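Notes follow once the structure below has been shown.
The values are calculated or read from the model by the stated rules, or taken from the named source; none is laboratory data. Predicted, not measured: the structure shown is a model, and the values here were computed from it. Cβ coordinates were reconstructed from backbone atoms using ideal geometry, including for glycine residues, and neighbour counts include every protein chain displayed. Each accessible area value is taken on the protein alone, full model and side chains, heavy atoms only, with ligands, DNA and RNA left out. Shrake-Rupley method; radii C 1.70, N 1.55, O 1.52, S 1.80 Å.
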Amino acid sequence: MSTVFATALYAPIAHAQTPASASSPAQTQKAAPANQTRSASSKKKTSQPATAAKKEEAQKLNPIVVTATRIPQPIDQIGTTITVVEDPQIQEQKILRVADVLREVPGVQVTQSGSPGSVTDVSIRGATPSQTLVLVDGVEVNAGATGSFDLANLTTDNLDRVEVLRGAGGSLYGSQAIGGVVNVLSQEGEGPPTASLLSGGGNRATSQQVANFSGAEEDLHYSGAVSYFSTEGFRPINDNSDNLALNGRLDYHLGDDTVLRGFARYIASNVSLPNLNIASGSPLDPTAHQRNEFMLFKGEVEHHFGENVLVRANAYYVRQDLRDTGTPYPGNMSFQEDRIPDETRGGLIETVFTWPWFEGFRTLAGFDFKDRWVRSDGIFRFLNLGPPPPPPHFITSISLFDARRQEYAGYLEQEGSFLNGHILMTGGFRVDGNSEFGKEVSPAWSVAIPITQISTTLRGSYTEGFRAPAFDELFFPGFGNPNLKPEISSEWDGGFTTNLGERASLTATYFSRRVKNLIVTVPCKVGPTCPFGSEAGNASRVDVQGVEVVPSLTIAKGLTLSGNVTVLDETHVNAPLPFASAFLTPPRPLRVAKHTASALLEYVRSGNFLPHDKFNANVNYIFVGDRDDLTVSGVPPIANHSAYNLVNAVVSYTIGIPLKHVSNEEVFARVNNLMDRDYSQAFGFKAPTINVLAGLKLDFE
């Protein structure tokens, strides 16, 4: 049974706005890293079924999160705003990609540029994609070249949960966390060996195959998944894509005090690009395609020195390799080929000290290091049909650069419980050093005030952050500006959550963020270092204010309704610049809607025809309002992009008849874009039409 919120009776999606219980931080388990789902002191063997069920229900109502403070903490004792989407909810909605999970999170907007597999960006509270930090098992995966992460092919296989910190996280995570942090966490294996197989298919030759496995053998816990997705898309030509994803996790418990962990993830995808050339009136490109390869490896050790000191250390390697090719065809004689390998190596060491003298006090101190490297190698050849002289001829443009930098940081955080747990405070700061632009200091504080008598929690926070310029902004030939300064942000956040009995809850949050030195395209004097008359520059300030409202209601037993509404207001202020008269339009936020909303209506009923069967039906509605966007023709360069509505629906039936080696059977059907709406999320890229995927899932023991 599930709804969207942990504040409701049956909820696996939780928000940090749930009222606090009477427990204090000191009563939580030993600290765990920001990539694990359980503490190092987890028991090696599973509990009795009744005890496990009680623990599972307690976790649903009051989940432990790690992204907000890097220390495991009940979600209702955190002053910042965080949302947790857990695996049961994702499975019941049959969501294939993490990007689609994020569409239902308050304040989050996802933009997909075309069919499945095409570039997919995420924005939190009006921030740009490069101002939104994405972590996979606690490892930063934002590309050094662009500063953002393409979520197109990140699947939900072997997923434990997704934690979304809304609001600046610079005091713990450094660059890119101005808008917030998305942390995708894999499952830790437990109990006897289990496995599942899912197979589905649908229109436009859509196919999905997923195999999951998990379990524990004494001290060794393991989990993993293999999945393959393919589709012909919906455009008449060259719209197919496929995606192969593998991931695994190992946890080895060396006694009760030490845990060794290993994480590995590999994704290989191919996507056709019918809109590689999106000039007005151009036909679909029948030849262009893109290949992406992503790999992540991480090793970690965690050790408890007695009851009060925990030390953890890890090292990781991330590589993203993008290649795209477009060859000449009738109607377009241009040729394009790019390859961009992007690597990050790094590690961290941190300590958590639980004060023995004061209940509810913990101190976190850490140091992390990153080494980033990128090479951009591209060639573009096009036919110049300009007026004579000269006669029509080919022009070739080559872009090539190689860049590297080191980033290092130290951070300190203090938690405190005051007035017998009636005021819960967290404060800290982070000092970042960068081999290109120097040092930045990012402080933060937050407070949570639970008022148990009226089932209400008040929250407030202040955080500063920054974004280091991406390599493309610094060095891309003809556009990069090596003199760029980092973007600097400050953000206030405050709100409340109240439980209206056992059936309803309401959360309201107000936030205000200011970003200085915003990096935009600015005019420059044409010359050897500025061949196109524009380059990257620190030109603007942007102020963002907004309100998030998150209601939840249990209408009847098994029938729940939940959702969220976000209203944004953004204002840019331009600093005086040379050649300012060359601006055709003032810089302003692009692809950021002022109004977004989502709702989920879900019905769950067990024991319909058989003792252990279960019927589940849910309908998800998503609304994205008007927003400014870059036009296809460039005249005018920016125009209003109309709002769109999207409806998705899922029906599943779990049979629950135990067979030989099969513990459960489930049939399901998911319909995306149920109303077959004709819309686009970005100018020049039509969104997919209606898509039906139906299939069977088998669980094995």
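For the reader, a short list of remarks on this structure follows.
- Residue check, residue 174 at pLDDT below 95 and either more than 30 Å from residue 669 (Cβ to Cβ) or surrounded by fewer than 20 Cβ atoms within 10 Å (Cβ to Cβ) (or both): yes
- Residue match in the stretch 450-465 (condition: among the acidic types (Asp, Glu) and touching a helix residue (DSSP H, G or I) at 6+ places or on another chain (Cβ under 9 Å)): yes
Here is a yes/no grid of residues against (1) at negative phi; (2) touching a residue at least 60 places away in the same chain (Cβ under 8 Å); (3) aromatic (Phe, Trp, Tyr); (4) in contact with a His (Cβ under 8 Å, 6 or more places away or on another chain):
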position: 609; (1), (2), (3), (4): yes, no, yes, no
position: 612; (1), (2), (3), (4): yes, no, no, no
position: 623; (1), (2), (3), (4): yes, no, yes, yes
position: 626; (1), (2), (3), (4): yes, no, no, yes
position: 637; (1), (2), (3), (4): yes, no, no, no
position: 665; (1), (2), (3), (4): yes, no, no, no
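Residues checked against (1) under 18 Å from residue 201 (Cβ atoms); (2) among the hydroxyl-bearing types (Ser, Thr, Tyr):
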residue: 218; (1), (2): no, no
residue: 224; (1), (2): no, no
residue: 229; (1), (2): yes, no
residue: 239; (1), (2): yes, no
residue: 248; (1), (2): no, no
residue: 266; (1), (2): no, yes
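- Cβ-Cβ contacts under 6 Å between residues 6 or more apart (or on different chains), taken from a first residue in the stretch 134-155 that is open to solvent by 10 Å² or more (accessible area, probe 1.4 Å) to a second residue that is among the acidic types (Asp, Glu), are listed as 143/342; 146/472.
- The number of residues in the stretch 68-103 being of a type outside the set (S, T, N, Q), assigned to a helix (DSSP H, G or I) and open to solvent by 20 Å² or more (accessible area, probe 1.4 Å) comes to 4.
- Members of the stretch 481-494 that are open to solvent by less than 20 Å² (accessible area, probe 1.4 Å) and touching a Ser or Thr at 6+ places or on another chain (Cβ under 7 Å): 491, 493
- Inter-residue pairs, beta-carbon under 9 Å, first over 20 Å from residue 410 (Cα atoms) and modelled with pLDDT of 95 or more and in the stretch 350-376, second among the charged types (D, E, K, R) and outside any strand (DSSP E or B), 6+ apart: 374/472
- Any hit, the stretch 533-554, residues being more than 14 Å from residue 125 (Cβ to Cβ), basic (Lys, Arg) and modelled with pLDDT of 90 or more: no
- Residue match in the stretch 204-217 (condition: closer than 24 Å to residue 677 by Cβ, open to solvent by 20 Å² or more (accessible area, probe 1.4 Å), among the basic types (Lys, Arg) and touching a Pro at 6+ places or on another chain (Cβ under 6 Å)): no
- In the stretch 87-103, the residues that are within 22 Å of residue 118 (Cβ to Cβ) form no Cβ pair under 7 Å with any partner that is of a type in the set (Asp, Glu) and assigned to a loop (DSSP other than H, G, I, E, B), whether six or more places apart or across chains.
- Qualifying residue in the stretch 658-667 (condition: among the hydrophobic types (A, V, I, L, M, F, W, C) and under 18 Å from residue 558 (Cα atoms)): no
- Qualifying positions in the stretch 664-679 - out of contact with any Phe, Trp or Tyr (no Cβ under 7 Å at 6 or more places or on another chain), part of a strand (DSSP E or B) and open to solvent by 40 Å² or more (accessible area, probe 1.4 Å): 672
- The selection criterion, being touching a Ser or Thr at 6+ places or on another chain (Cβ under 6 Å), touching a residue at least 40 places away in the same chain (Cβ under 8 Å), open to solvent by 30 Å² or more (accessible area, probe 1.4 Å) and over 20 Å from residue 203 (Cβ atoms), holds for residue 685.
- Within the stretch 325-343, residues that are open to solvent by 30 Å² or more (accessible area, probe 1.4 Å) reach partners that are of a type in the set (Phe, Trp, Tyr) with beta carbons closer than 7 Å, at six or more positions or on different chains, in the pairs 327/335; 328/335; 336/380.
- For the stretch 472-519, filtering for residues that are under 24 Å from residue 373 (Cα atoms) and assigned to a strand (DSSP E or B) leaves 4.
- Within the stretch 415-437, residues that are in contact (Cβ under 8 Å) with a residue 24 or more places away in the chain and more than 19 Å from residue 68 (Cβ to Cβ) sit with their Cβ atoms under 7 Å from residues that are open to solvent by 70 Å² or more (accessible area, probe 1.4 Å) and of a type in the set (Phe, Trp, Tyr), at 6+ positions apart or across chains, in these pairs: 433/408.
- Any hit, the stretch 397-407, residues being out of contact with any Asp or Glu (no Cβ under 8 Å at 6 or more places or on another chain), of a type outside the set (Ser, Thr, Tyr) and open to solvent by less than 50 Å² (accessible area, probe 1.4 Å): yes
- Filtered residues of the stretch 449-469 (kept if of a type in the set (Gly, Ala, Ser), at negative phi and either open to solvent by 20 Å² or more (accessible area, probe 1.4 Å) or modelled with pLDDT under 95 (or both)): 465, 468
- Only one of 599, 617 that is under 30 Å from residue 545 (Cα atoms), of a type in the set (A, V, I, L, M), modelled with pLDDT of 95 or more and surrounded by 15 or more Cβ atoms within 10 Å (Cβ to Cβ): 599
- The residues of the stretch 495-519 that are open to solvent by 30 Å² or more (accessible area, probe 1.4 Å), under 28 Å from residue 171 (Cα atoms) and either in contact with a Pro (Cβ under 9 Å, 6 or more places away or on another chain) or polar (S, T, N, Q) (or both), listed by number, are 512, 517.
- Against the test of being open to solvent by less than 60 Å² (accessible area, probe 1.4 Å) and farther than 25 Å from residue 256 by Cα, the options 299, 346 yield a single qualifying residue, 346.
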